[in-house]
Amino acid sequence: MNCYFIDTHAHLFFQNFDDDRQEAINRAIEANVRKIVLPNVDLDSIEPLKNTVALRPESLFPLMGLHPSGVRQDFKHALAKIQQELNDNHYWGIGEIGIDLHWPDNKKFVEEQKEAFRFQLGLAKQLRLPVVIHARESFDLTYQIVKEEKNDDLCGIFHCFTGTYEQAKMIMDLGDFYMGIGGVLTFKNSGLAEQIKDVPLDYLVLETDSPFLAPHPYRGKRNESSYIPLIAGKLAGVKGVSIEEVACRTTNNAENLFGI
């Protein structure tokens, strides 16, 4: 295969990888996943993120952002730290950011989440960096904010896309936005294959969200970037194309978006 894969969303800096982080990176490279994008989550993850990138800087590309689950009463202090990081160090995008209405505790901070999201979208436009958007059980609200904030400098990925074709069409209509396709595509009853079969590869990128959402046959176990070819194989079947075409086109999308 001439083309290689990119995992556009992995958290290799989480404690789940403390026992075999370097080995997990090596397995990814051996599986032809040559580049991995690492979105930050909160202030506590910044140092582990940096330490992980140092293991293989030519293959690991860090993003900086405050995950919606990290938005609490002190979110403005956290955002100031995030902004300082972006000013002081080189990052390839802003993420993982967005709105999460899945967890009960998060629902108590909806207004704070919205404010934090808009602030970070503003940073992205100012710095001309792509965003990686988390929209768990919040697509309509998240999309509306993106649409209101959209200008020529705002681009990115709707991470872990599991929505309908109608929602996919809304994302395509934004222009300059992609959908991150991960292990859920391989789940027997997810229905995602049917929803994205008519979405052009021009709008898709591959991701694992490791350590979460491992694809079949590893569902329920720790996910890792070396499983990207399993997702690509399923996507190739859905699209009726070769796995090499999936690799070439999704990698081209990711490289163009992040400049990696």
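I want to verify the translational diffusion coefficient of the range 203-259 in µm²/s; compute it with Stokes-Einstein, Rh as the Kirkwood radius over Cα pairs, at 37 °C and 0.692 mPa s.
278
How far apart, in nm, are the 7 Å Cα→Cβ label points at Asp152 and Arg118?
Result: 2.5 nm between the two label points.
For n ≥ 4 DSSP H runs only, could you compute -39500 (n - 2.57) per run for the chain, divide by its residues and tell me the 222 nm figure to the nearest 500? Intermediate results must be reported in sequence, preceding the final value.
On the way: 10 runs with 108 residues, N = 260.
The helix contribution divided over the chain gives -12500 deg cm²/dmol.
So how far, in whole Å, is the C-alpha centre of the range 91-152 from the one of the range 200-228?
22
Fully extended, how many nm does the chain gain between Ser242 and Ala54 (0.36 nm per residue separation, minus their Cα-Cα distance)?
The span from Ser242 to Ala54 would gain 64.3 nm if fully extended.
Any idea what diffusion coefficient the chain gets from Stokes-Einstein, in µm²/s, Kirkwood Rh on alpha carbon pairs, 4 °C, 1.567 mPa s?
Values: Rh = 18.1 Å.
Diffusion coefficient, whole number: 71 µm²/s.
Please list the non-local residues whose amide H lies under 5 Å from the amide H of Ser210, H modeled 1.01 Å from N, same-chain partners needing a gap of 5 or more.
HN-HN under 5 Å from Ser210: His11.
Which residues in the range 203-222 have a backbone N closer than 20 Å to a point placed 7 Å from the Cα of Glu194 along the Cα-to-Cβ line?
216
Every read-out reported here was derived from the displayed coordinates using simple, explicitly stated rules and does not represent laboratory data. If you're wondering where the values come from, they're calculated on a predicted model, not measured in any experiment. Cβ: placed from backbone, ideal geometry, glycine included. Neighbour counts: every protein chain shown.
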